[in-house]
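Input: a single structure, listed below in structure tokens.
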Amino acid sequence: MLTDALIYLAAAVICVPIAQRFRLGAVLGYLIAGAIIGPWGLKFVSDVEAILHFSEFGVVLMLFVIGLELEPKRLVEMRKGVFGGGSLQLGLTGMALALGAAAMGMDWTVALLAGLALALSSTAIAVATMNERNFLPTPTGQSGFAILLFQDIAAIPLLAVIPLVGAAALTGNATGTPGHAWMAAAKAFGAIAAVVVIGLYLTRPLLRLVAGTNLREVFTASALLLVIGIAQIMSLVGLSMGLGAFLAGVLLASSEYRHALETDIEPFKGLLLGLFFISVGMAMDFGLLLSQPAAVAMLLAGFLALKLVTLWLAARIIGVTSRQRWLFAILLSQGGEFGFVVFGAAHTAGLLSKEWAALLNMTIALSMATTPLLLLFHDWWSARSECAGGKRDQADVIDQQEARVIIAGFGRFGQIIGRLLFANGINAVVLDHDPDQIEMLRKFGFKVFYGDAARLDLLRAAGADRATLLVNAIDDVEDSLLLTDSVRENFPRLKMIARARNVTHYVELRSRGVEVVERETFEGAIKAGRHTLEALGIDRFRARDMANIFRRHNIGAMEALIPVFKDEASRVSAAQVGRDELAALFARDRDQFESEHSSKGWH
Amino acid sequence: MILVIHAHPYPQSSRAGKAMLASVRDLPGLEVRSLYDLYPDFDVDVAAEQAALLRADLVVWLHPVYWYSVPALLKHWFDVVLLRGWAFGEGGRALHGKHCLWVATTGGLAASFAETGAHQLPFEAFVAPIRQTARFCGMTWEPPILLHGAHVVGEQAIATEAAAFRQRLAAWPSTSGGEKIAEGGRC
């Protein structure tokens, strides 16, 4: 077990940075790592099937995280892209590939099945590559994702139909068992309903309970439990685990735990996805490549040509800008991991010979490796033609829907800021670690996320590298300074407005370079002081003048403390000087005021 | 109903203005709004101010003249209360038909407001913007009450002017001078 982990981690750590270095992308790096340690390379690992099966969970986690980033509202907006674009692509590509397969002598039902299975793309590779290039939030990236989503849905009936076709082919009886089909449909609906109920009603109270314990690892465990549980429910009834996880993600996208879940799942997702790519690399049957190189090459070339052309056509029809059509086609050009499953099932059902299944699997695996290579070629080509043409299209508008303000800490202080912003239509991402607080605020319609604001991954998930400013309204001095250090170090361009508990905290924040610091009680006390002066019979505007003078002096005195703050003795003496100065200032002010506004002088 | 808009940042240090205000305070049907007292932070409650204006048929602007104009808060009050569509412009008829009386105290002596004086212009030149503000809102300009040299004139002079002010308001609306007198008035 540990030896296996050692092999996988070492292969990834060595191969991926090298692949990155040569700008091949992380995905190709993992594939190469897998090929090297696999049965056709150094033979470190033999039971590829088991690893592949296990690491498929990485794809499930990835779809969960993608779901988290998609609120149901946005999913509804995407329905045209999913069902329109998706069915168009699957129809076009599937038909072309089915014709190709039939031309090579396959039975037409089997050819249709193989064509549709090959028309599916790899969500793992396409999304990972789009993420790597920050392409997912662009309109083209969204269209691609919509198609991948539809393929995930379409894979279900495809898989369901194989045993039926298989049975029909074997017995010559096409009726199948309708009662069984009804049963399966009912089970599927039951499973989806269960996922919806879990996502909508059970998860949030559960997470709230867990968050209340303040044990991070338990929260992480419950996040994983949630995804694994849903995946199990789906696989029990033969549905796509990824689809279930995606659905659960969407249902939790508008919950306050979205960012916390995202940051907790993220490392598992990354590692398992890497393992998945490694196992795809290991599964490549290089023996086939050696024994039938011509057949493999022809299959791969034909497959890629048909898929690229039909994807390009689909892109054109759904309105992808002309500059990005080839990019779009390449991103979705590979065969999907579902293909392996379909061909495996088709082989068991007696529809595909062992040789064909192996050849088609090899084609899919190789096409996964060609995606990064084709992208490299595309980059080189478009850079060349751009230089030649000297023309640049306008960049796609990136639909980030990001708030520009992050409020860390939403207690008595942060709330006032948040409400002021919300009241004026300014969106803010709010981070707080008190589950009760969050629940209450959500009832009033605030968008609050659960998490410890000082954590770097949560800050990143909240969009700290894109936000304009961060309001540090945390009440705990230590946490506030931790957050400040983290922001200064990791997001030096993020402006900070900070709440200070007291003078020491103020000076600490200022000496860390925070530009705007407000003491939490100061303005309130100043205002009460003004009311006191007024109650003593002083003109209200005069009381305001007095408060202004006092404030200016007070802040000046605090600022003077910053350079000497580290030294206790000089801090005391500076405070003494400040007091003396204040007395002098008040005396001067009084004299000045009386000379200007004496009862005999003015009208 | 008479509305006195009083603008003095330091009313307790005021001499002439304080006497003027004190002389009318007890009159029936009179509302005084001291802006620096109501809004020391310049956060003028526009709705409350407009409602007060609607209640009145005579609006009095009572203040010291600072730099040939109104104190900053009264200028701000003009800016945020006398709005387009309410006080002027299309549909802005809220103040139409009301009367406006300007009661101002100045530091300079009457003689200094002349081409040969320290201020190089007759005081009429400084009346014009205030008068036009009122007229632009459709208000009838009453002959203003001006007290020059407010920090040098004697108690007697101030008392005389304050009494005249009180008499003008007490007898309102029969003392309404209207535009005609304003044209050739004291300024």
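Quick notes on this structure:
- Within segment B:13-22, the presence of at least one residue that is under 13 Å from the mean Cα position of the chain (by Cα), closer than 23 Å to B:F123 by Cβ and either charged (D, E, K, R) or surrounded by fewer than 22 Cβ atoms within 10 Å (Cβ to Cβ) (or both) is confirmed.
- Test: B:V59 is more than 14 Å from chain A (Cβ to nearest Cβ) and more than 23 Å from B:E161 (Cα to Cα): no
- In segment B:1-12, the residues that are under 16 Å from B:R168 (Cβ atoms) form Cβ pairs under 7 Å with partners that are assigned to a loop (DSSP other than H, G, I, E, B), at six or more places apart or across chains, as follows: B:M1/B:G29; B:M1/B:A56; B:M1/B:D57; B:I2/B:G29; B:I2/B:A56; B:I2/B:W172; B:L3/B:A56.
- Residue match in segment B:150-158 (condition: over 14 Å from the mean Cα position of the chain (by Cα) and at pLDDT 95 or above): no
- Yes/no for B:D41 being out of contact with any Phe, Trp or Tyr (no Cβ under 6 Å at 6 or more places or on another chain), of a type outside the set (S, T, Y) and in a loop (DSSP other than H, G, I, E, B): yes
- Scan of segment A:450-486 for residues that are part of a loop (DSSP other than H, G, I, E, B) and among the acidic types (D, E), ordered by number: A:D452, A:D465, A:D475, A:D476
- Matching residues, segment A:61-81, being surrounded by fewer than 19 Cβ atoms within 10 Å (Cβ to Cβ) and assigned to a helix (DSSP H, G or I): A:P72, A:K73, A:R74, A:L75, A:V76, A:E77, A:R79, A:K80
- Consider segment A:1-35 and keep the residues that are of a type outside the set (A, V, I, L, M), assigned to a helix (DSSP H, G or I) and in contact (Cβ under 8 Å) with a residue 40 or more places away in the chain. The one that is farthest from A:E49 (Cα to Cα) is A:Y30.
- Matching residues, segment B:40-56, being within 11 Å of chain A (Cβ to nearest Cβ) and either hydroxyl-bearing (S, T, Y) or surrounded by 14 or more Cβ atoms within 10 Å (Cβ to Cβ) (or both): B:P40, B:F42
- The test for being within 26 Å of the chain's Cα centre (by Cα) and surrounded by 15 or more Cβ atoms within 10 Å (Cβ to Cβ) does not hold for A:L373.
- Enumeration of residues in segment B:8-28 that are assigned to a loop (DSSP other than H, G, I, E, B), facing another protein chain (nearest Cβ under 10 Å) and at pLDDT 90 or above: B:H8, B:P9, B:Y10
- In segment B:96-115, residue farthest from B:T133 (Cα to Cα) [restricted to those that are within 14 Å of chain A (Cβ to nearest Cβ) and in contact (Cβ under 8 Å) with a residue 60 or more places away in the chain]: B:T105
- The single condition among (1) more than 24 Å from B:R15 (Cα to Cα); (2) assigned to a strand (DSSP E or B) that B:L146 does not satisfy is (1).
- Some residue of segment A:449-458 being more than 14 Å from chain B (Cβ to nearest Cβ), buried (at least 19 other Cβ atoms within 10 Å of the Cβ), on the phi > 0 side of the Ramachandran plot and out of contact with any Pro (no Cβ under 9 Å at 6 or more places or on another chain): yes
- Enumeration of residues in segment B:80-96 that are surrounded by 17 or more Cβ atoms within 10 Å (Cβ to Cβ), over 15 Å from B:A52 (Cα atoms) and of a type outside the set (G, A, S): B:F88
- Residue match in segment B:71-81 (condition: at pLDDT below 95 and of a type in the set (G, A, S)): no
- Scanning segment A:487-517 for residues that are more than 21 Å from A:P563 (Cβ to Cβ) and outside any helix (DSSP H, G or I) yields A:F491, A:P492, A:R493, A:L494, A:K495, A:I497, A:R499, A:R501.
Residue-by-condition table, conditions (1) within 31 Å of the chain's Cα centre (by Cα); (2) farther than 30 Å from B:Y10 by Cα:
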position	(1), (2)
A:V477	yes, yes
A:D485	yes, yes
A:L494	yes, yes
A:R499	yes, yes
A:E508	no, yes
A:E520	no, yes
A:A525	no, no
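- Residue list for segment A:36-53, filter: modelled with pLDDT under 85 and part of a helix (DSSP H, G or I): A:V48, A:E49, A:A50, A:I51, A:L52, A:H53
The values are calculated or read from the model by the stated rules, or taken from the named source; none is laboratory data. Computed from a predicted model, the values in this text were never measured in an experiment. Cβ sites come from the backbone with ideal geometry, for glycine too, and all protein chains shown count toward neighbours.
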